[in-house]
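The values are calculated or read from the model by the stated rules, or taken from the named source; none is laboratory data. Worth saying up front: this structure is predicted, and the values here are computed from it rather than measured. Glycine also receives a Cβ, built like all others from the backbone with ideal geometry; neighbour counts cover every protein chain displayed.
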Amino acid sequence: MSTSKLMLRGVADMVRHPLPQLLTLVTVCMVALLAGTGLLILHNVQAEVLKTQAQARFQVYWSASSNMTEVEGQWADLKRVPGVAEVSTFTPRAAMAELMRGLSAATPAPVAPPADNASMANATASNPNDFSWLEGENILPPTALVSFDIPAGEAPEPWMGRMYARLRGLAGVEKVTYNATQLNLATGWIALIQHAAWPALGFFALVVGLVVGNTLKLMMLARKDEVEILSLVGARPWFIRAPLFANGVVQGFAGGVLSLFCLKFLQSWLKSVLDVPPLFLKVQFLPAWQCLALVLATTCVAGLAAFIAARK
Amino acid sequence: MVHLDHINCILGGAHALTDVSLHVERGEFVFLTGPSGAGKTTLLRVLYGDLKPKNGAATVAGVDLMRLKSSGLPALRRKVAVVFQDFKVLPERTVFENISIALEVRGVPTASIDRRVRAVIRALDLEERSYAPCRELSGGEQQRVAIARSMVVNPELILADEPTGNLDSDLSRHLIELFKQFNTYGTTVIMATHNRDVLSWAPEARQVHIVRGQVTLPTAEVLSGAESVAARRGA
Ligand SMILES: Nc1ncnc2c1ncn2[C@@H]1O[C@H](COP(=O)(O)OP(=O)(O)OP(=O)(O)O)[C@@H](O)[C@H]1O
Ligand SMILES: [Mg+2]
């Protein structure tokens, strides 16, 4: 009998022992869901960290007395430095506008009682949110916020030191600050995640393997008579094992896919719970390749476990 | 067909077979007799490769049992069919499936399986139950399924361990006739039994008496119990 036919028979035979099959499926699904949840957390933490902090950001201050044409030339040069992700520049005027916007946002708007036009104009004059008086004596220097993606393979710290020296050396630059601690924290997080991911995945594979292997062992106990009879009439090991192997593969695949549905459900729920003030955490679902990897890993591990469990 | 020379088997610390020698030629019909616990089942287990002798020399159907590895077991089992007292049929599968399984593991083409299984089912008078699951069958019918499964593959040697132990006298006789018929076509049969009637139904068969794990020599044989009855009826 051909291998494919044997495997099909193994799958068809699954209905003969519905309860242990169902229990295995639920268990595989739960373990895969657990692993998926881990992946989901890692993925979202990483996304969040990358989004907010993994860039090197330099705030460059020129002296207030700098020649603006010269400074603007330097800005244009900055944009061409390799690795630059973004350059936001502020002329003294723009900086002032930004500052005023910030200040007025921070001060709650007074609740003015409805009144006629005259009193309205009056209110504007004494509006505490009006910082236009600052404008006359602008003491703010031209500044630039330069964000870099640190080139791959570079250690962040020395690289930032060199970039600092370079920016500090620009003509007219008075002060440069950068986000060293935050960046260290972020890269630390990512390194931790990347280091934790492999042992965690290994652990997951082991648990799925043990669970499927043991459940199949139990099921083989239920099919002990059949295995005994097959061996008595001269079945080769593969004839006995192929159906069980197919059984394990189907269990792994079904459990993996089912767990993805559960995970999607969990993610939607988390999103609705966490995307509220003050968190505004948009929990994302796993990228396609990770979903695929999860199902594939579960399938492979379950198949392997079944294969080993089916050995005498 | 069977050549055992001075084999010893130890089970659970005790000698289950002691210095057993047995030679059975192709086409013979042999009864293994002896009291309960004598070692009949143990000897049969040796013959189908379920138990390895501790020492001695053992060859069955051309297979050297002393050097048999687990990878060689299927080859032996394809030449040697076994029938048990407790049938060992799969209750959830049909009569047809239970019998065809022996051909399937040998990779016999489906059409050929169909033909051969039908023929055996007819010979054993199971036609009406062909597609009934075996759990719905009586003990006698289940035993016939087990015998059908062993016969359908045309084995060189059939080992039967108390195949009639659970059956009434009429049915037992019918089954022994089947074994005899099969034996006349050339299959060697070795059957363990302590049923005197069974022995009397095949008087021409050789009897090998086992007591406490040892084959007792005919000269030293104390004719008693089963043997004496058989001897009287055979004479
Ligand atoms: N698995 C085992 N472990 C330990 N001892 C065993 C085992 N199987 C059998 N024995 C012992 O070996 C001896 C022979 O047993 P065996 O089953 O061969 O007897 P038997 O002749 O078939 O008896 P019966 O007619 O009752 O079936 C007995 O003393 C039995 O207790
Ligand atoms: Mg016995």
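Of all residues in region B:60-82, how many are among the β-branched types (V, I, T) and more than 10 Å from chain A (Cβ to nearest Cβ)?
So the first thing to find is which residues in region B:60-82 are among the β-branched types (V, I, T), and the list is B:60, B:63, B:80, B:82.
From the residues that got through so far, the ones that are more than 10 Å from chain A (Cβ to nearest Cβ) too are B:60, B:63.
Final tally of qualifying residues: 2.
A:R311 meets each of the listed conditions (1) over 24 Å from the mean Cα position of the chain (by Cα); (2) in a helix (DSSP H, G or I) apart from (2). Being free of Cβ contacts under 8 Å to residues at least 12 places away in the same chain and within 14 Å of another protein chain (Cβ to nearest Cβ): is that true of A:L192 here? Criteria not met by A:L192.
Every residue in region B:49-58 that is closer than 18 Å to B:A81 by Cβ and more than 13 Å from ligand 1 (Cβ to nearest atom), please. B:G49, the sole residue that qualifies.
Based on this model, can you work out whether B:D19 counts as of a type outside the set (F, W, Y), within 16 Å of ligand 1 (Cβ to nearest atom) and under 11 Å from B:G213 (Cβ atoms)? Before you say what the answer is, go through the steps one by one.
Working: of a type outside the set (F, W, Y): yes; within 16 Å of ligand 1 (Cβ to nearest atom): yes; under 11 Å from B:G213 (Cβ atoms): yes.
It is true that B:D19 is of a type outside the set (F, W, Y), within 16 Å of ligand 1 (Cβ to nearest atom) and under 11 Å from B:G213 (Cβ atoms).
Among the residues of region A:15-29, is any among the charged types (D, E, K, R) and closer than 30 Å to A:L218 by Cα? So far as region A:15-29 goes, yes, one or more of its residues are among the charged types (D, E, K, R) and closer than 30 Å to A:L218 by Cα.
Tallying residues that are touching a Cys at 6+ places or on another chain (Cβ under 9 Å) and within 16 Å of ligand 1 (Cβ to nearest atom) within region B:73-131 yields 1. Looking across region B:41-52, just one residue is buried (at least 20 other Cβ atoms within 10 Å of the Cβ) and away from ligand 2 (no atom under 14 Å from the Cβ), and that is B:G49.
Does B:A38 qualify as being crowded, with 22+ Cβ neighbours inside 10 Å, within 16 Å of ligand 2 (Cβ to nearest atom) and away from chain A (no Cβ under 13 Å)? Criteria met by B:A38. Pairs linking a residue in region B:84-109 that is closer than 11 Å to A:V233 by Cα and not assigned by TED's automatic domain parsing to the domain that holds B:L73 to a residue that is of a type in the set (F, W, Y) and buried (at least 19 other Cβ atoms within 10 Å of the Cβ), with Cβ atoms under 9 Å and 6 or more positions apart or on different chains, are B:E104/A:F239; B:V105/A:F239.
Are there any helices (runs of 4 or more DSSP H) wholly within region B:122-209 with 2 or more residues that are more than 16 Å from ligand 2 (Cβ to nearest atom), in contact (Cβ under 8 Å) with a residue 24 or more places away in the chain and buried (at least 23 other Cβ atoms within 10 Å of the Cβ), and if so which? Steps first, please.
Values: elements: B:139-151, B:169-184, B:196-201.
Output list reads B:139-151, B:169-184.
Please determine whether any residue of region A:242-259 is within 14 Å of chain B (Cβ to nearest Cβ) and buried (at least 21 other Cβ atoms within 10 Å of the Cβ). Looking for residues that are within 14 Å of chain B (Cβ to nearest Cβ) and buried (at least 21 other Cβ atoms within 10 Å of the Cβ), one finds at least one in region A:242-259, hence yes. Just one of (1) within 16 Å of ligand 1 (Cβ to nearest atom); (2) under 20 Å from B:Q207 (Cα atoms); (3) out of contact with any Leu (no Cβ under 8 Å at 6 or more places or on another chain); (4) outside any helix (DSSP H, G or I) fails for B:T41. It is (4).
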